[in-house]
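**Student:** Once you've had a glance at the structure underneath, I'll fire off some questions.
The values are calculated or read from the model by the stated rules, or taken from the named source; none is laboratory data. In this text, all values refer to a predicted model and were calculated from it rather than measured experimentally. Ideal geometry is used to build each Cβ from the backbone, glycine not excepted, and the neighbour counts take in all protein chains shown. Protein only, heavy atoms only, side chains kept; ligands, DNA and RNA dropped before computing areas. Shrake-Rupley method; radii C 1.70, N 1.55, O 1.52, S 1.80 Å.
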Amino acid sequence: MAWCCDGMGAQVLVHPSLNPKAHWEFDGEIVILHHPTTITTKYQAMVHVGSVRQSAAILHIEGLERLRTGDKARCRFRFVRFPEYLTTGARIVFREGRTKAVGTILRLVP
């Protein structure tokens, strides 16, 4: 087993063959379940991925300028405070106030 530390004290115990690394950015496909107005780049909300809970900003929305309730899009996210250990295929919950979105991690950006 090997430890992966993001530098802020949070650690995960994984097998060394997984080559554990903490990532600042990731690509995900999300569906907006509810948002009162529109979501554009630079929008920040709380991201939940397994035991990870941290604010992240949307850096890029692929193919669209903005998102509204019911839209589905691929987006690039960047954590605000520190990198986190993530895996592709993990489920995402994206929320802030009345805004709710769910999705999946597609790619981890090195």
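**Student:** Scan segment 73-86 for residues that are surrounded by 14 or more Cβ atoms within 10 Å (Cβ to Cβ) and modelled with pLDDT under 95 and jot them down.
**Tutor:** Result: Pro83, Glu84, Tyr85, Leu86.
**Student:** Does segment 63-72 contain any residue that is assigned to a strand (DSSP E or B), within 13 Å of the chain's Cα centre (by Cα) and either loosely packed, with under 13 Cβ neighbours inside 10 Å or not acidic (Asp, Glu) (or both)? Walk me through it before giving the result.
**Tutor:** Kept after step one, since they are assigned to a strand (DSSP E or B), are these residues of segment 63-72: 67, 72.
Retained after the next criterion (residues that are within 13 Å of the chain's Cα centre (by Cα)): none.
Checking segment 63-72: not a single residue is assigned to a strand (DSSP E or B), within 13 Å of the chain's Cα centre (by Cα) and either loosely packed, with under 13 Cβ neighbours inside 10 Å or not acidic (Asp, Glu) (or both).
**Student:** So for segment 49-57 (the condition being under 11 Å from Glu29 (Cβ atoms) and either open to solvent by less than 70 Å² (accessible area, probe 1.4 Å) or not in a loop (DSSP other than H, G, I, E, B) (or both)), does at least one residue qualify? Write out each step before concluding.
**Tutor:** If we filter segment 49-57 for residues that are under 11 Å from Glu29 (Cβ atoms), which is where we start, we get none.
Checked against the condition, which is being under 11 Å from Glu29 (Cβ atoms) and either open to solvent by less than 70 Å² (accessible area, probe 1.4 Å) or not in a loop (DSSP other than H, G, I, E, B) (or both), segment 49-57 yields no hits at all.
**Student:** Could you check segment 73-89 and list, in sequence order, the residues that are among the small types (Gly, Ala, Ser) and not in a strand (DSSP E or B)?
**Tutor:** Of all residues in segment 73-89, those among the small types (Gly, Ala, Ser) come to 73, 89.
Within segment 73-89, Gly89 is the sole residue that qualifies.
**Student:** Next question. Looking for whichever is modelled with pLDDT of 95 or more, open to solvent by 70 Å² or more (accessible area, probe 1.4 Å) and either over 28 Å from Ile61 (Cβ atoms) or part of a strand (DSSP E or B) (or both) here; the options are Leu33, Leu13. Which one fits? Explain how you work it out, then say what you get.
**Tutor:** Details: Leu13 fails: modelled with pLDDT of 95 or more.
Among Leu33, Leu13, only Leu33 is modelled with pLDDT of 95 or more, open to solvent by 70 Å² or more (accessible area, probe 1.4 Å) and either over 28 Å from Ile61 (Cβ atoms) or part of a strand (DSSP E or B) (or both).
**Student:** Tell me which residues, restricted to segment 91-101, are surrounded by fewer than 15 Cβ atoms within 10 Å (Cβ to Cβ) and under 11 Å from the mean Cα position of the chain (by Cα).
**Tutor:** Keep residues of segment 91-101 that are surrounded by fewer than 15 Cβ atoms within 10 Å (Cβ to Cβ), which gives 91, 97-98.
Arg91, the sole residue that qualifies.
**Student:** Related question: Being modelled with pLDDT of 95 or more and open to solvent by 90 Å² or more (accessible area, probe 1.4 Å): is that true of Gln44 here?
**Tutor:** On the way: modelled with pLDDT of 95 or more: yes; open to solvent by 90 Å² or more (accessible area, probe 1.4 Å): yes.
Taking the combined requirement at face value, the residue satisfies it.
**Student:** Could you list, ordered by first residue, the pairs with Cβ atoms under 7 Å in which the first is in segment 53-77 and within 13 Å of Phe94 (Cβ to Cβ) and the second is surrounded by 15 or more Cβ atoms within 10 Å (Cβ to Cβ) and among the basic types (Lys, Arg), at least 6 apart or interchain?
**Tutor:** Ala56/Arg78; Ala57/Arg78
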